[in-house]
Amino acid sequence: MKYKRILLKLSGEALMGEQQYGIDSERLMQYAQEIKEVAALGVEVAVVIGGGNIFRGVQAEEVGLDRVQGDYMGMLATVINSMALQSALEKLGVYTRLLSGLNIQQVCEPYIRRRAVRHLEKGRVVIFGAGTGNPYFTTDSAASLRAIEVEAEVVLKGTRVDGIYSADPEKDPNAIFYSDISFKDVFEKGLNVMDMTAFTLCKENDLPIIVFDMNTAGNLKRIVQGDKIGTLVSMDEAV
């Protein structure tokens, strides 16, 4: 097995499936099944999921709300998605724990680093909800931070595209696909992998990122087994 402990970052928008809003049950169960298969291999899995299918903090200012208030609303949206994923996993017989950056003790444990690590060591899938618990930080930043804190070996960013391109492949048919790219080259080329705070955290802690298509069945399992899927971002310069 190539990776023993991973941090899987999922977008809230991906949970919508073909819907315009909310959670698509088929997509949710697909993700849960993918995670179950990886956990069954003995891989320790932590998950951070966004809340964009319900509410994004940056939307707040567009409708006249305070940005800080909007960010907290976005954090609560991630808790809803995290609870849905937890329920889907437990329906498949997977032991889970939901840890929150905000204190919501009726449905989540508070985030405590040592407790999170212990849950992972016991083979439980750990879901981190409510981002970092602070406004102005995205769930990408939460994913990078939590991955570093629990000493994950890689951040796996599941998207609807199969990796990183020089341009949006859905708009530019001539976009160049990168199978491997360095943190330095991502900066210099201005590629949109994660927000700058999240990306810098990974770079400064030498934490590799793999961007891959989460919607293709089996991709997650193949990555942890060492197959070359998606785009690897690391400190190494491309040869």
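The values are calculated or read from the model by the stated rules, or taken from the named source; none is laboratory data. Bear in mind that the values here come from a model prediction, so they are computed numbers and not experimental data. Cβ coordinates were reconstructed from backbone atoms using ideal geometry, including for glycine residues, and neighbour counts include every protein chain displayed. The protein model used for the area step is the full one, side chains on, heavy atoms only, and it has no ligands, DNA or RNA in it. Shrake-Rupley method; radii C 1.70, N 1.55, O 1.52, S 1.80 Å.
Quick notes on this one:
- Under 5 Å from the amide H of Leu98 lie the amide H atoms of Glu109, Ile127, each residue being 5 or more positions distant or on a separate chain, with H modelled from the backbone and absent for Pro and chain starts.
- Of all accessible heavy-atom area on the chain, the percent that carbon and sulfur account for (1.4 Å): 48
- Mean-position separation - Cα centroids, the stretch 161-239 and the stretch 73-142, in angstrom: 25
- Calculated [θ] (222 nm, deg cm²/dmol) that DSSP helices of n ≥ 4 give over the chain, each run adding -39,500 (n - 2.57): -11000 deg cm²/dmol
- Where chymotrypsin sites (Phe, Trp or Tyr not before Pro) fall in DSSP loop in the stretch 1-93, at most 12 other Cβ within 10 Å: Tyr21
- Residue-normalised accessible area of the stretch 5-234, given per residue in Å² at a 1.4 Å probe: 46
- Amide hydrogen proximity for Arg5: with H placed 1.01 Å from N in the peptide plane, the residues at 5 or more positions away or on another chain lying under 5 Å are Glu44, Glu153.
- Legend: calculated FRET efficiency, Lys171 to Asn134, from the Cβ-Cβ distance at R0 = 30 Å, rounded to 0.05, equals 0.35.
- Beta bridge orientation in the chain: antiparallel %, DSSP, nearest 5: 15
- Loop-located trypsin sites (Lys or Arg not before Pro) across the stretch 167-239 with a Cβ neighbour count of 15 or fewer within 10 Å are Lys171, Lys228, with loop assigned by DSSP.
- Mean projection area, nm², convex hull over Cα of the chain: 12.9
- Along the stretch 54-71 the Karplus relation, 6.51 cos²θ - 1.76 cosθ + 1.60 evaluated at θ = phi - 60°, assigns HN-Hα couplings of 10, 6, 10, x, 5, 6, 4, 5, 5, 9, x, 8, 5, 4, 4, 4, x, 5 Hz to successive residues, with x for each Gly and Pro.
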